[in-house]
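**Student:** Sharing a structure below in structure tokens format, with a few things to ask.
The values are calculated or read from the model by the stated rules, or taken from the named source; none is laboratory data. Bear in mind the structure is a predicted one, so any value in this text is a computation, not a measurement. Reconstructed Cβ throughout: ideal geometry from the backbone, glycine too, with neighbour counts over all protein chains shown. All accessible areas refer to the heavy atoms of the entire protein, side chains included, with ligands and DNA or RNA removed. Shrake-Rupley method; radii C 1.70, N 1.55, O 1.52, S 1.80 Å.
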Amino acid sequence: MKKSIFLLLFISTTAFSQTREDSIMIRKIYNEVLTNGQAYEWLRYLCKQVGPRLSGSVGAQKAVTYTKELMQKQAFDRVFLQDVKVPHWVRGAKEEAYIKVGKQKIKVPIAALGGSVATAPKGVEAEVIEVKSFQQLRDLGKDKVKGKIVFFNRPMDPTKLNTFEAYGGAVEQRANGATEAGNLGAVGAIVRSVTTLQDDVPHSGSMRYATGVPLIPTAAISTNAANLLSEKLKENPSLTFYFRQNCETLPDADSHNVVGELKGREKPEEIIVVGGHLDSWDLAEGAHDDGAGCVQSIEVLRLLKAIGYTPKRTIRAVMFMNEENGLRGGVKYADLAKQNNEKHIAAVESDNGGFTPRGFGIVGKAEQKAKIAEWKSLLAPYGLQEIGPGGGGADIGPLAQSGTVLLGYKPDTQRYFDYHHAANDNFENVNKRELDLGTASMAAIIYLLDKYGI
């Protein structure tokens, strides 16, 4: 009986000691980043000096060079590039669009969707069919749709507290609208911008054509302009819409993932990844999407070095290329990991903006989720309350096939889609303290993953 009591006391004392040690280490992480954080200034340079970084562009190559040199300056144990062939779509001259009611022309803001074909040089003009769903469009049939421009006008559901859930309920219009419209003989597709914000800024994003369907031009229209077009259609169903865009898809281009690592002292063969995607849409600086995730990932490694922590396992910061319109970087990283027989035990991705931290979504086995959930008491004092099942992230997703546990960093969602894929996704819309708190949150979970494994 005495032995049992002694054993329980020993276990309890040991657990308390470990918890206290972890609490002190996590506090050191937060103190370092909140007093000496570098990510915000790195983001300033990425946004202002490099700028837009769509795959295949000069900006994307500049971003590769910048982040590689940045990690080399931090004296990480190794910094290297991974070759990736990426799509190369270019927007061309600025788009034009207007609603034509009789002789009146009302100009409206649009943005060609990534991957779309151009209109004819003189543009396209036709009557408009407004729909809220693919089924509604299909029910109209080819006779009513042929020769028209289809206007997809289903908004994000404003009643959804998680705006990513609302986004998921509307984004199929952007992704597949041109295919659905083209299949019924439409000559163009216009899609309501996928945002809850009511403004005059169109939000771009990727789309795709199904095999064997006519390739028709497609563009996003700002939410204010979408509301105006809908109102005008009610007043005059025979009005026409005109738009012209000059985009094209060039041959695939050479690019790179950028990787920096701290070598593990005990289990260097076990790898933990923290990363974001280096590419951005061409309309803006890509501050929240995903410059924030990139600089946060590099900062995680810097601050672990700064507080004198030597990891047990190898920790890598990965700048993935081509998440926005192809996911080539994420797929290539996973392919190379498999070819090189690398063992990735966990991967953390930041691709939801640089806002106030809320938690992490976990993809893995039940026992792995349960183990991470045990750390809630250590993380909750820093606002990380939402730790449980959820999405890991697009770029780290391919690693799941090798059994890697995936964690998606979850900041507050309310403002993200104000800037998502739009011209206002600029450095000025990122708050330094929120960005730094997110970095510390990611570093804390990386520390725990490294210390205890998964």
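**Student:** Would you say residue 170 is out of contact with any Gly (no Cβ under 9 Å at 6 or more places or on another chain), open to solvent by less than 40 Å² (accessible area, probe 1.4 Å), under 25 Å from residue 355 (Cβ atoms) and assigned to a loop (DSSP other than H, G, I, E, B)?
**Tutor:** Working: out of contact with any Gly (no Cβ under 9 Å at 6 or more places or on another chain): yes; open to solvent by less than 40 Å² (accessible area, probe 1.4 Å): yes; under 25 Å from residue 355 (Cβ atoms): yes; assigned to a loop (DSSP other than H, G, I, E, B): yes.
Yes.
**Student:** Could you please let me know if residue 253 is touching a residue at least 60 places away in the same chain (Cβ under 8 Å), within 19 Å of residue 59 (Cα to Cα) and surrounded by 24 or more Cβ atoms within 10 Å (Cβ to Cβ)? Working first, answer last.
**Tutor:** On the way: touching a residue at least 60 places away in the same chain (Cβ under 8 Å): yes; within 19 Å of residue 59 (Cα to Cα): yes; surrounded by 24 or more Cβ atoms within 10 Å (Cβ to Cβ): no.
No: the conditions fail for residue 253.
**Student:** Residues that are in contact with a strand residue (DSSP E or B) (Cβ under 8 Å, 6 or more places away or on another chain), crowded, with 21+ Cβ neighbours inside 10 Å and under 26 Å from residue 168 (Cα atoms): does the stretch 422-429 have at least one?
**Tutor:** Checked against the condition, which is being in contact with a strand residue (DSSP E or B) (Cβ under 8 Å, 6 or more places away or on another chain), crowded, with 21+ Cβ neighbours inside 10 Å and under 26 Å from residue 168 (Cα atoms), the stretch 422-429 yields at least one hit.
**Student:** Related question: How many residues does the stretch 50-86 hold that are in a loop (DSSP other than H, G, I, E, B), aliphatic (A, V, I, L, M) and within 20 Å of the chain's Cα centre (by Cα)? Write out each step before concluding.
**Tutor:** First, pick out the residues of the stretch 50-86 that are in a loop (DSSP other than H, G, I, E, B): 51-57, 74-77.
With aliphatic (A, V, I, L, M) added as a condition, the list becomes 54, 75.
Retained after the next criterion (residues that are within 20 Å of the chain's Cα centre (by Cα)): 54.
Looking only at that region, the number is 1.
**Student:** Looking at residue 378, is it aliphatic (A, V, I, L, M), over 21 Å from residue 264 (Cβ atoms) and in contact (Cβ under 8 Å) with a residue 24 or more places away in the chain? Let's see the steps before the verdict.
**Tutor:** Values: aliphatic (A, V, I, L, M): yes; over 21 Å from residue 264 (Cβ atoms): yes; in contact (Cβ under 8 Å) with a residue 24 or more places away in the chain: yes.
So residue 378 fits the description; yes.
**Student:** Looking at the stretch 182-198, which of the residues that are open to solvent by less than 30 Å² (accessible area, probe 1.4 Å) and assigned to a loop (DSSP other than H, G, I, E, B) is nearest to residue 140 (Cα to Cα)? Spell out how you get there, then give the answer.
**Tutor:** If we filter the stretch 182-198 for residues that are open to solvent by less than 30 Å² (accessible area, probe 1.4 Å), which is where we start, we get 182, 184-186, 188-195.
From what's left, assigned to a loop (DSSP other than H, G, I, E, B): 184-186, 193-195.
Values: 184: 9, 185: 12, 186: 12, 193: 23, 194: 24, 195: 27 Å.
That would be 184.
**Student:** If a residue has to be of a type outside the set (D, E, K, R), open to solvent by 20 Å² or more (accessible area, probe 1.4 Å) and in contact (Cβ under 8 Å) with a residue 40 or more places away in the chain to count, how many in the stretch 44-55 make the cut?
**Tutor:** The qualifying residues number 1.
**Student:** Which of the residues spanning the stretch 305-337 are out of contact with any Phe, Trp or Tyr (no Cβ under 7 Å at 6 or more places or on another chain), in a helix (DSSP H, G or I) and not hydrophobic (A, V, I, L, M, F, W, C)?
**Tutor:** Residues satisfying the conditions are 305, 328, 332, 335.
**Student:** Another one. Specify which of the listed residues (326, 403) is crowded, with 17+ Cβ neighbours inside 10 Å, among the small types (Gly, Ala, Ser) and either closer than 27 Å to residue 280 by Cα or in contact with a His (Cβ under 9 Å, 6 or more places away or on another chain) (or both).
**Tutor:** Working: 403 fails: crowded, with 17+ Cβ neighbours inside 10 Å.
Testing whether each residue is crowded, with 17+ Cβ neighbours inside 10 Å, among the small types (Gly, Ala, Ser) and either closer than 27 Å to residue 280 by Cα or in contact with a His (Cβ under 9 Å, 6 or more places away or on another chain) (or both) leaves just 326.
**Student:** Given the options 264, 275, 291, name the one that is modelled with pLDDT of 95 or more, open to solvent by less than 50 Å² (accessible area, probe 1.4 Å) and part of a strand (DSSP E or B). Walk me through how you get there before you give the answer.
**Tutor:** On the way: 264 fails: part of a strand (DSSP E or B); 291 fails: part of a strand (DSSP E or B).
Exactly one residue qualifies, and that residue is 275.
**Student:** Taking residue 210 as the residue in question, decide whether it is surrounded by fewer than 21 Cβ atoms within 10 Å (Cβ to Cβ), closer than 20 Å to residue 283 by Cβ and at pLDDT 95 or above.
**Tutor:** Details: surrounded by fewer than 21 Cβ atoms within 10 Å (Cβ to Cβ): yes; closer than 20 Å to residue 283 by Cβ: no; at pLDDT 95 or above: yes.
Considered against the rule, which asks whether it is surrounded by fewer than 21 Cβ atoms within 10 Å (Cβ to Cβ), closer than 20 Å to residue 283 by Cβ and at pLDDT 95 or above, residue 210 comes out as no.
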